[in-house]
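The values are calculated or read from the model by the stated rules, or taken from the named source; none is laboratory data. None of the values given here were measured: they were computed from a predicted structure. Because the Cβ atoms are built from the backbone with ideal geometry, glycine has one as well, and the counts that use them run over all protein chains shown.
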Amino acid sequence: MKKILALMLTLCVLLGLSAFASAEETKGEGVMTYAEYAAADLDTEVVVETYVQAKQSWWDNKATVYTQDQDGAYFLYNMACSEEDYAKLVPGTKIKVTGYKSAWSGEVEITDATFEIEEGSFIAEPLDITDKLASEDLINYQNLLVSFKGMTVEASNDEGAAFLYSWDGSGAHDSNSDLYFKVSKDGQTYSFTVESYLCDNTTDVYAAVENLKVGDVIDLTGFLYWYEGANPHIISVAAAQ
Amino acid sequence: MRKRLCLFVLLLAALLLLSACHGSRKVGSFEVPQSLDTSRDYEIVFWAKNDTNKTQTEIYQKAIDDFQALYPNIHVNMRLYTDYGKIYNDVITNISTNTTPNVCITYPDHIATYMTGNNVVVPLDPLFSDPRYGLGGSELRFDGPAQDEIIPQFLSECVIAGTHYALPYMRSTEAVYINKTFVEKLGYEVPDILTWDFIWEVSDKAAQKDADGVYLLNGQKVMIPFIYKSTDNMMIQMLRQLGAGYSTENGGILLFNDTTKSLLETISQHVSNGAFSTFKISSYPANFLNAGQCVFAVDSTAGATWMGSEAPLTDISRDKFVAFETAMRMVPQFDPANPKMISQGPSVCVFNHGDPQEVLASWLFTQYLLSNDVQIAYASTEGYVPVTTCAQQAPEYVDYLARIGEDNKEHYAVKIEASRLLTDNVASTFVTPAFNGSASLRDAAGQLIENTVKSVRRKQTVDDAYFEKLYSDIVSLYHLNQGDSAQGMGGKQDLGPLPGMSRGLLIGLVVLWVGIGLYALRDFLEKHRKDFSKRK
């Protein structure tokens, strides 16, 4: 029994060390850990190594990208990027980013950034934060790939629509408008979005939301974007498991 | 074989010449058809811009339905945008494939760039004056405005290089939305016309914090005393008020001057005091104003329904609103006795896909957007102003204005006050010249402010060397160095004599063509001589 215990302890220590080593390995010289990034003041220069999880848009040599490492997420807004390099930013790609920590409407992001591609790959698993939705702690998960389980679709307007094209229904499918819809859990209602630059009107998630009905119970995955409060950018919707 | 080859080369050359002729067809070659061919069906694509406002999209849809009822063979398919920049990008992308829309809401600055494509945008003067289908024409199936019923100042904004390329659709200007309660709490009265000195002084005072970083004015940890939505407009208006250069009529670039630098220095001082920020750096001015985190918020009058403690539209939750008295004034001035404010707002242009009948159908719909029903309904959704005197003087519009403050939706006081701000000050409005590159110059004007503000916030040194580099970077970023900057991008320039190599190439081409011609002629003569000999 003692031997088994010793073996398990040794294994735990080794696993811990290897995890630590792996985290250390991913950070080059002069590169911040996620904790250092989170502690940095706004409007200061930051250097991080992170991994592409999804791309939102490219235009005029600027890319907007959702990234995260094993410890936290970094939203890269309008990062300098050629069209050729943008094509290389597939999910998992490791990049070293130098830019400024900024905040826009509560969304903490890296702006005026440049990047270089490095060796390495990491695809994040969605973190279930359903139980954090109503908590003040939610902001600490900002920009992460997250999931929400067993959410109930609520009416988005007085007419009982299950979703709206644009926040007030002023958009349209053919205009590739963002989709807005409401879901509830434990008596609290939240507003979620399908960001059409991230998932346009040809994607499965766009179609899935267009087919939602009030009362449906669903599981959702997305990036915990922030705009004057939590505003998750949803990338998949499925019937609750 | 050689003859065939020669004929093939000649045919190819002829085709190339013909295609070159086609490519160089002058803008203005569109001719108004004698009449609309009603035996055909037309599919008109209309790219419309709304302010993320459901009522506006409903008005567009009603306009389309009403128009189609009048012209059952013209079908209008609308694509909605909420951003002029996106429309501009999409049009530019679609010009090369001839897949632009037929009718498009846009800015004259943008049209000037679209016009770099051959015959892409329809010159409207021949259509304006056509007695049957022109403005107020006899064959119109609706009551459209005559040319002299379009506010001349607004119509003149659609002139590019002496020709009308658009109709104005709506007009707005910028306004300062003020937390009057805060101004008075700081010991000031809101004057009828704000000066820049006043706004900076009050904003600096509003930026004072206690030792814990809490602002004395609002008791919160967030306060941006003065926030500006469109910094391009900010710079353009400041320069115009001071009589300083921005651009010439034909595209000469005058932006990078000493007055601009002096303005940036002033802005940088107040940023370092924590008194100023911008939409691009922080967020929408309305979000801060309505949450009691701002004293002066400058935004379009077309955004008035979002502004104020009773604003009917909002992006922030109602529980974040604070109660305050909202005041509204024209943008700050350097010389209050001689105010100057920008005129802006959507215009409509028509694209040419090579089918005159389709253009005519597009033009009819474009005109319909200026009919009273559409003008009055759309203008009432925001602090817009109708562009025709007939709409402005219509009893229902006069009644709408008179009912200011009756409710917080259609008659929201701030919104109607915003409309009045423009109608009362049309004579003080101005626009900047539109030319190929004017959209980039406008972006550059705003970027000078954005970069300066960011640099101060990032504790970078902002001095003469900084501004020298900033000018250089912005000129390069927006490609404003295409030729002599004093001549600019759109003006016709004397490029001087052709370089020797170019002359040599052209001479070579001429010699080559003459050679081919002589060869073909010799071949032809030889053949006929032989034929003639045979016949003999």
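Checking each residue in the stretch A:95-113 for being touching a residue at least 40 places away in the same chain (Cβ under 8 Å) and aliphatic (A, V, I, L, M) picks out A:ILE95, A:VAL97, A:ALA103, A:VAL108, A:ILE110. Summed over the stretch A:173-206, residues that are assigned to a helix (DSSP H, G or I) and within 14 Å of chain B (Cβ to nearest Cβ) total 0. Within the stretch B:32-51, the set of residues being more than 14 Å from chain A (Cβ to nearest Cβ) and touching a residue at least 60 places away in the same chain (Cβ under 8 Å) comprises B:VAL32, B:PRO33, B:SER35, B:LEU36, B:ASP37, B:ARG40, B:TYR42, B:ILE44.
The numbered conditions (1) more than 30 Å from A:GLY187 (Cβ to Cβ); (2) touching a Phe, Trp or Tyr at 6+ places or on another chain (Cβ under 9 Å) are all true for A:ILE117 except (2). Among residues of the stretch B:52-74 that are surrounded by 15 or more Cβ atoms within 10 Å (Cβ to Cβ), those with a Cβ under 6 angstrom from a residue that is aromatic (Phe, Trp, Tyr) and assigned to a helix (DSSP H, G or I), sequence gap 6+ or separate chain, pair up as B:ILE59/B:TYR378; B:PHE67/B:PHE365; B:PHE67/B:TYR368. A Cβ distance below 6 Å, combined with a sequence gap of six or more or placement on separate chains, defines the contacts here; from the stretch B:223-251, residues that are under 19 Å from B:SER428 (Cβ atoms) reach residues that are of a type in the set (Asp, Glu) in the pairs B:ASN233/B:GLU174. Taking the criterion of being among the small types (Gly, Ala, Ser), surrounded by fewer than 23 Cβ atoms within 10 Å (Cβ to Cβ) and not in a loop (DSSP other than H, G, I, E, B), no residue of the stretch B:230-249 qualifies. Summed over the stretch B:160-185, residues that are farther than 30 Å from B:GLU325 by Cβ and touching a residue at least 12 places away in the same chain (Cβ under 8 Å) total 9. Only one entry in A:GLY120, A:GLY160, A:GLY106 is away from chain B (no Cβ under 14 Å) and under 29 Å from A:LYS62 (Cβ atoms), namely A:GLY120. Is one or more of the residues making up the stretch B:257-274 β-branched (Val, Ile, Thr), touching a strand residue (DSSP E or B) at 6+ places or on another chain (Cβ under 7 Å) and more than 18 Å from B:THR461 (Cα to Cα)? No, the stretch B:257-274 contains no residue that is β-branched (Val, Ile, Thr), touching a strand residue (DSSP E or B) at 6+ places or on another chain (Cβ under 7 Å) and more than 18 Å from B:THR461 (Cα to Cα). Of all the listed residues (B:GLY491, B:GLY483), the sole one being touching a Gly at 6+ places or on another chain (Cβ under 7 Å), outside any helix (DSSP H, G or I), modelled with pLDDT under 75 and not assigned by TED's automatic domain parsing to the domain that holds B:ILE160 is B:GLY491.
Taken as a whole, the structure leaves B:PRO101 outside the set of residues that are in the same structural domain as B:LEU370 (by TED's automatic domain parsing), at pLDDT below 95 and buried (at least 17 other Cβ atoms within 10 Å of the Cβ).
Conditions (1) at pLDDT 95 or above; (2) more than 16 Å from the chain's Cα centre (by Cα); (3) farther than 19 Å from A:ASN140 by Cβ; (4) more than 14 Å from chain B (Cβ to nearest Cβ), marked per residue:
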residue: A:SER22; (1), (2), (3), (4): no, yes, yes, yes
residue: A:VAL31; (1), (2), (3), (4): yes, yes, yes, yes
residue: A:GLU36; (1), (2), (3), (4): yes, yes, no, yes
residue: A:THR50; (1), (2), (3), (4): yes, no, no, yes
residue: A:TYR74; (1), (2), (3), (4): yes, no, no, yes
residue: A:MET79; (1), (2), (3), (4): yes, yes, yes, yes
residue: A:SER82; (1), (2), (3), (4): yes, yes, yes, yes
residue: A:THR98; (1), (2), (3), (4): yes, yes, yes, no
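Considering only the stretch B:397-412, I want to know if a residue exists there that is outside any helix (DSSP H, G or I) and under 28 Å from B:THR266 (Cα atoms). Scanning the stretch B:397-412, I find no residue that is outside any helix (DSSP H, G or I) and under 28 Å from B:THR266 (Cα atoms), so the answer is no. Annotation for the stretch A:150-172: no member residue is in contact with a Phe, Trp or Tyr (Cβ under 9 Å, 6 or more places away or on another chain), hydroxyl-bearing (Ser, Thr, Tyr) and surrounded by fewer than 21 Cβ atoms within 10 Å (Cβ to Cβ). Here is a check on your reading of the model: is B:ASP315 within 14 Å of chain A (Cβ to nearest Cβ) and among the acidic types (Asp, Glu)? Spelling it out, B:ASP315 is indeed within 14 Å of chain A (Cβ to nearest Cβ) and among the acidic types (Asp, Glu). Residues in the stretch A:212-241 that are closer than 14 Å to A:SER184 by Cα, of a type in the set (Val, Ile, Thr) and either buried (at least 20 other Cβ atoms within 10 Å of the Cβ) or at pLDDT below 95 (or both): A:ILE218 only. Would a scan of the stretch A:85-92 turn up a residue that is assigned to a strand (DSSP E or B), at pLDDT 95 or above, away from chain B (no Cβ under 14 Å) and over 20 Å from B:LYS280 (Cβ atoms)? So far as the stretch A:85-92 goes, no, none of its residues is assigned to a strand (DSSP E or B), at pLDDT 95 or above, away from chain B (no Cβ under 14 Å) and over 20 Å from B:LYS280 (Cβ atoms).
With respect to (1) surrounded by 16 or more Cβ atoms within 10 Å (Cβ to Cβ); (2) outside the structural domain of B:THR248 (by TED's automatic domain parsing); (3) among the β-branched types (Val, Ile, Thr), the lone exception for B:VAL456 is condition (2).
Is there a residue being over 20 Å from A:LEU144 (Cβ atoms), surrounded by 13 or more Cβ atoms within 10 Å (Cβ to Cβ) and of a type in the set (Val, Ile, Thr) anywhere in the stretch A:59-67? Looking through the stretch A:59-67, none of the residues is over 20 Å from A:LEU144 (Cβ atoms), surrounded by 13 or more Cβ atoms within 10 Å (Cβ to Cβ) and of a type in the set (Val, Ile, Thr).
For (1) of a type outside the set (S, T, N, Q); (2) surrounded by 21 or more Cβ atoms within 10 Å (Cβ to Cβ), each residue gets a yes or a no:
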position: B:GLY251; (1), (2): yes, yes
position: B:THR266; (1), (2): no, no
position: B:SER277; (1), (2): no, yes
position: B:PRO285; (1), (2): yes, yes
position: B:PHE288; (1), (2): yes, yes
position: B:GLY292; (1), (2): yes, yes
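Within the stretch B:48-77, the set of residues being in contact with a Phe, Trp or Tyr (Cβ under 8 Å, 6 or more places away or on another chain) and among the polar types (S, T, N, Q) comprises B:ASN50, B:THR52, B:GLN56, B:ASN73, B:ASN77.
Let's see how each residue does on (1) within 25 Å of B:GLN375 (Cβ to Cβ); (2) away from chain A (no Cβ under 14 Å); (3) touching a residue at least 12 places away in the same chain (Cβ under 8 Å); (4) not basic (Lys, Arg):
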position: B:LEU80; (1), (2), (3), (4): yes, no, yes, yes
position: B:ASN102; (1), (2), (3), (4): yes, yes, yes, yes
position: B:MET115; (1), (2), (3), (4): no, yes, yes, yes
position: B:LEU124; (1), (2), (3), (4): yes, yes, yes, yes
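For the stretch B:235-279, a tally of residues being within 14 Å of chain A (Cβ to nearest Cβ), in contact with a Phe, Trp or Tyr (Cβ under 8 Å, 6 or more places away or on another chain) and farther than 20 Å from B:GLN333 by Cα returns 1.
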